[in-house]
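This report concerns only the one structure given below.
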Amino acid sequence: MLTKEEDYQKKSLKNLKVKIKEEMKKIFIKTFGCQMNVYDSKRIADLMKKYGYEETDKISEGDIILFNTCHIREKAAEKVFSDLGRAKKVKNVREKQGKDTIIVVMGCVVQAEDDVIIKRAPYVDIALGPLAYHKLPELLKKVLSKRDSEEGNNFGLIDTEFYAEPKFDYLPDNKSQGACSFLAIQEGCDNFCTYCVVPYTRGIEYSRPIEDVLKEAKSLVNTGTLEINLLGQNVNSYHGEDKNGKERNIAYLINKLAEIDGLKRIRYTTSYPADVDDDLIEAHKNIKELMPYLHLPIQAGSDIILKAMNRRYSASEYLRLVEKLLKANSEIGFSSDFIVGFPGESDKDFEKTIRIVNEVKFIQAFSFKYSQRAGTPAAIMKNQIEENVKTERLQILQDLLFSYQNKFNKDCIDKTMPVLFEQKGRHKGQLVGRTPYMQNLYAEADFNCINKLIDVKIIDATTNSLKGEKVKG
Ligand code: SAH
Ligand code: SF4
Ligand code: F3S
C-alpha cells in the first residue's frame, strides 16, 4: 500500500517524465519573510529535486524562477513586484536563447493579493498560497502541457486553498543541510493581533502530530543535524496529538525531542507571551538541550496599546513572566519584537516601551515602524501616527536596543561558550558558528570543525558578532 505522498509522487512523476530532459533542470528560489518561509523554501527545493529540478543561486539559470513572498509589512510585499519585473527580463533573455522559464510566486503575498499579482504581473505562470505549495508539481505539469499546445504564457494557475489535509504529508523526508535545521511544528495563528496579516495568510492554527514531528526530527538528526529550531507562528500554543490521540503541549514535545540521541540543541520560535505555561518554564529548568535564549515578542510597553493591538497580556504580566523564567533558569537571555507608531501611540505610551527595554535588557531585538495592512482592524483606526514620528521613535528605540545588545556581547568577552560551527567565515581559515544565545561567532578553526560543538573563548565583541579562540585540549 502506497502512502499518500508516494501515490501522489508516482502519478505526477509519470506524467512529468516526458518533460524531464537528460540533464537536471534548475530552480532558482528567492525567499522573503520569516523563518517559516525559509523552511518552506527548503521543503519545496527538496520536493522539486524529486521532479528533476536542482537548486541554483543564479536567476539566469532558472528553468523555474520562484519567489516565496512575505506580506507582513508594506515594504516586504512591494519588494516582490520589483523582483518579478527582474524575473520577466531574465525570462525574455532566456527566450532569445531558446530556453523556457516558468515564473512561480508562492507564500503570503499570494494568499493576500492574488488578484493584484494577476494585474501587476500577468506573466506569472503559477501562484501558490503558503498552504498549497505542495501542489507545485501538479500545476507545473499543467503549465508544461499548455505550453505544448498553445503559444505564449498561461497565467491563471492559482491555488490559494487552505488544504485541510496538511501539506506536510505530501513532502519528501526532510534531510539535514547542515548543523542547524528548522522544523515547522505549527502553522497559522488564531490570535488576530489587530495589525497582523498572518491569520489571514496562513489560516487558523494547526499543530502537526507528535509522531510526525519526531519522525522528521530523527530524519534530520540522522542526516547530520545537531540543532533543531522548532517553528510556528505561535509555536508555544502547540497542541499536537500523540499516538493515542491525546493533545500534548510544546514542553512534552521538547522532552521527547531531548531523548533523541545526537540532538544537542533545541530552540523554538516564535512564542506568544500569554501562552507560556508552567510546563515550558519547567523545561527551561530541566532540559539541558533547550537553549537559554528566548524570543518573546512584547511589541509595546503600554497597556493601552497592547489592548488596542489585541495582545492578551499586560506589560506587568510580561515582566512577571520574564521573572518566572529567570527563576527557573537564570542564564536565559531574551529577545523581542517591537512595533512603534501603532495607531494612537502617544509619547507617554512610547516611553513605556522604553521603560520595558530598560527593565528586561533584551540581548537582541527586531523593531519596526507600524505598517498599515489592508484588511486588518488597525488599518482603519482613525488615529494613525505620522511617518516622521514613527521614524523618530524607531531611531530612539533601536539606539537603546543596540546598546543593550552591544553590552551583552561585550560582557561575553573572556567567557568560554560552546559554539556550533556551521560554515566558512569571510576570511581564510575562519569559521562561523553560533553561541547558545544565537550570537554569530567567528574563530580561526579547521574546516573539520564544521558541524561540531566546540568550546570557544570569546576574545572580542561588536554589536553584531563575537570573535573567539578555540579552547585547546
Ligand atoms: N507570531 C509572532 C510574530 C509574527 S510577525 C508574534 O506574535 O510575536 C513578526 C513581527 O512582525 C511581529 O512580531 C511584529 O513585531 C511585526 N509586525 C507584524 N505586523 C506588522 C505590521 N503591520 N507593522 C509592523 N510590524 C509588524
Ligand atoms: Fe500575527 Fe499576532 Fe499571530 Fe503573531 S500572534 S502571528 S503578531 S496575529
Ligand atoms: Fe511574512 Fe507570512 Fe512569515 S507574512 S512573516 S512570510 S508568515
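Can you tell me which residue within the stretch 433-468, out of those that are at pLDDT 95 or above and charged (D, E, K, R), is farthest from SER403 (Cα to Cα)?
Going through the qualifying residues, I end up with ASP455.
Would you check which residues across the stretch 227-254 are assigned to a helix (DSSP H, G or I) and either farther than 21 Å from LEU453 by Cβ or at pLDDT below 95 (or both) and list them?
Listed by number, the residues that qualify are VAL235, ASN236, SER237, ILE250, ALA251, TYR252, LEU253.
When residues of the stretch 213-234 are filtered for being within 16 Å of ligand 2 (Cβ to nearest atom) and aliphatic (A, V, I, L, M), how many remain?
2
Would you pick out the residues in the stretch 114-136 that are within 15 Å of PHE162 (Cα to Cα) and either in a helix (DSSP H, G or I) or not assigned by TED's automatic domain parsing to the domain that holds LYS42 (or both)?
Within the stretch 114-136, ASP114, TYR133, HIS134, LYS135, LEU136 meet the criteria.
Is there a residue being within 16 Å of ligand 2 (Cβ to nearest atom) and in a loop (DSSP other than H, G, I, E, B) anywhere in the stretch 459-470?
Checked the stretch 459-470: no residue is within 16 Å of ligand 2 (Cβ to nearest atom) and in a loop (DSSP other than H, G, I, E, B).
Can you tell which of ALA283, ALA300, ALA217, ALA258 is surrounded by 20 or more Cβ atoms within 10 Å (Cβ to Cβ), in the same structural domain as GLU345 (by TED's automatic domain parsing) and over 28 Å from LYS361 (Cα atoms)?
After applying the criteria, what remains is ALA217.
Being more than 16 Å from ligand 1 (Cβ to nearest atom) and either in a helix (DSSP H, G or I) or not small (Gly, Ala, Ser) (or both): is that true of ARG373 here?
no
Go through the stretch 281-313 and report how many residues are away from ligand 2 (no atom under 12 Å from the Cβ), in contact (Cβ under 8 Å) with a residue 60 or more places away in the chain and over 27 Å from TYR437 (Cα atoms).
Qualifying residue count for the region: 1.
Could you look through the stretch 190-213, keep only residues that are hydrophobic (A, V, I, L, M, F, W, C) and at pLDDT 95 or above, and pick out the one that is farthest from ligand 1 (Cβ to nearest atom)?
Here the answer is ILE210.
What do you reckon, is LYS352 closer than 18 Å to ALA274 by Cα and either assigned to a helix (DSSP H, G or I) or not aliphatic (A, V, I, L, M) (or both)?
Considered against the rule, which asks whether it is closer than 18 Å to ALA274 by Cα and either assigned to a helix (DSSP H, G or I) or not aliphatic (A, V, I, L, M) (or both), LYS352 comes out as no.
What residue, of GLU387, GLU359, GLU422, is more than 16 Å from ligand 3 (Cβ to nearest atom), in the same structural domain as SER302 (by TED's automatic domain parsing) and over 25 Å from ASN191 (Cβ atoms)?
GLU387
Among the listed residues ILE305, ILE250, identify the single one that is within 25 Å of ASN37 (Cα to Cα), crowded, with 19+ Cβ neighbours inside 10 Å and either touching a Ser or Thr at 6+ places or on another chain (Cβ under 8 Å) or β-branched (Val, Ile, Thr) (or both).
ILE250
In the stretch 65-79, what count of residues is obtained for those that are away from ligand 1 (no atom under 16 Å from the Cβ) and either hydroxyl-bearing (Ser, Thr, Tyr) or under 11 Å from GLY107 (Cα atoms) (or both)?
2
Given the residues LEU453, LEU394, LEU466, which is the only one that is touching a Pro at 6+ places or on another chain (Cβ under 9 Å) and touching a residue at least 40 places away in the same chain (Cβ under 8 Å)?
LEU453
Anything in the stretch 95-113 that is surrounded by fewer than 18 Cβ atoms within 10 Å (Cβ to Cβ) and part of a helix (DSSP H, G or I)? List them, or say none.
GLU95, LYS96
The values are calculated or read from the model by the stated rules, or taken from the named source; none is laboratory data. Worth saying up front: this structure is predicted, and the values here are computed from it rather than measured. Note that we place each Cβ from the backbone using ideal geometry, even for glycine, and neighbour counts take in every protein chain shown.
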